[in-house]
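Take a look at the structure below.
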Amino acid sequence: MSSVPVLWLVIPCYNEEEVLPYTAPEFLKHLEKLTDDKKISEESKILFVDDGSSDRTWKIITDLSERDSRYKGIRQSRNRGHQNALLAGLMEAIDKCDITISADCDGQDDLNVMGEMVDAYKDGCEIVYGVRACRQTDTWFKRNSARAFYKLMNRMGANVVFDHADYRLVSNKVLKSFSCFTEVNVFLRGIFPLVGYKSTSVYYERRPRKAGKTHYSIKKMIEFSLDGIFNLSTKPLHIIVFLGATISLFGAIGVIWMIVANMSGKTMAGSASLAWVAFFMGGVQIFCTGIIGEYVGRTYLETKRRPRYIISERTGEELGDELSDSPDSSKSGKS
Ligand code: UDP
Ligand code: MG
């Protein structure tokens, strides 16, 4: 660990032409402040990852990098989602810096706590999680649904840091270990706790977006949380086993009771109640098959080993060589 670490800020951007002109100078201002305070090296950079935007985002990034060499950019060949964009940026930064800090590009993450993050790194922490101290700027629905998702995920065995999204400092040592996690479906906030190493949290207030609008609808948020559960844990399968065993037990008790009732001359009434039982059991079976299907589908996608991201352009560089990442190539770091 060098005493003045080189920091790379990794910022995923998707169709952010409205907000980037405001937040890019903010990132630079904070980088300069940390450099002036001698917390980070002058070699530090801001790496924007354009996640296949269809607006002027890439043009803004290339203009920025021409104006100031501390701005860098990579572009994905198409939109692959926040997690893969961030992954591409982290793999790009591997071995080029001592630490990375990932943050959203919309100004919601309070950059003032970056100094605290770097201090924690200097105190020996390899991962520093940015945790939201309050969510007053979120709507009541977003605040409570997000909390419910965190609870559900933890109950389901996907251990994520409560109220931590993807604002975090990660050392190069952790990045190297993380690059051995080669799953195609990535859920970064759940993987980093699995990597291990000494970690801590810093607390900040989540701010409203400076401009533009969120890419996460309620539907996407639910899908994202389910992704987290299915990617990180097999607990739902254990619950199915338990559910099946419990229902079988009740069924067995019912059968014994029916035989005893029959032998004592009582007839059982109610074909309607039988229909409800059949409905209920049908529902339970389809639900359980669906959960198993989620795992089978994910296993199928994992076996294909498709690239997790493809970089089509870099700022300050002619498009050239083989730039794609596959789970195997990521093991040896990026070109
Ligand atoms: N993002 C991305 N690819 C996507 C969607 C989002 O790189 O497909 C980026 C986006 O530009 C932002 C970050 O991910 O920097 C978080 O997205 P957003 O602000 O829409 O999410 P929210 O903060 O509302 O949960
Ligand atoms: Mg946001």
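Observations on the model:
- Segment 225-231 - phi-based ³J(HN,Hα) in whole Hz, Karplus 6.51/-1.76/1.60, Gly and Pro as x: 5, 5, 4, x, 5, 5, 6
- The chain: Cα Rg divided by the 2.2 N^0.38 Å rule of thumb: 1.23
- Under-5 Å amide H pairs with S312, H placed in peptide plane, nonlocal only: R75, Q76, S77
- Residue (of Y204, S44, G89) at the positive-pole extreme of the chain, dipole from beta-carbon charges: Y204
- Flagged links, alpha-carbon separation over 28 Å, of K72/K210; K96/K219; K72/K142: K96/K219; K72/K142
- Interchain or long-range residues, amide H under 5 Å from V202's placed H: Y129, G130, V131
- Stretch gain in nm, segment D119-T299, where the contour uses 0.36 nm per residue and the Cα spacing is subtracted: 60.7 nm
- Here the dipole of segment 55-146 is about 500 debye; that uses its Cα centre as origin and unit charges on the Cβ of Lys and Arg (positive) and Asp and Glu (negative).
- For segment 287-304, backbone phi angles converted through the Karplus equation (6.51, -1.76, 1.60; θ = phi - 60°) give residue-by-residue couplings of 4, 5, 5, x, 4, 4, x, 4, 5, 5, x, 5, 4, 4, 5, 5, 5, 6 Hz, Gly and Pro being listed as x.
- For S44, nonlocal amide neighbours, meaning residues 5 or more places apart or on other chains whose placed amide H falls under 5 Å from its own, are L7.
- Applied to segment 123-131, the Karplus parametrisation 6.51 cos²θ - 1.76 cosθ + 1.60 on θ = phi - 60° returns per-residue 3J(HN,Hα) values of 7, x, 7, 9, 10, 10, 8, x, 10 Hz, with x for Gly and Pro.
- Set of aspartates and glutamates with alpha-carbon distance to K235 below 16 Å, sequence-local pairs under 8 removed: D227, E294
- Take each peptide in 80-86, 244-250, 229-235, count the other Cβ atoms within 10 Å of every residue, and average; sorted highest first, the result is 80-86, 229-235, 244-250.
- Computing Rg and the Kirkwood Rh from the Cα coordinates of segment 126-199 gives a ratio, Rg/Rh, of 1.01.
- Cα gyration tensor shape for segment 56-210, rounded if a/c is under 1.5, else prolate or oblate: rounded
- Length-normalised contact order for the chain - Cα pairs under 8 Å, 6+ apart - percent: 22 percent
Taken together, the values in this text are just the output of simple stated rules run on the coordinates, not laboratory data. None of the values given here were measured: they were computed from a predicted structure. Cβ: placed from backbone, ideal geometry, glycine included. Neighbour counts: every protein chain shown.
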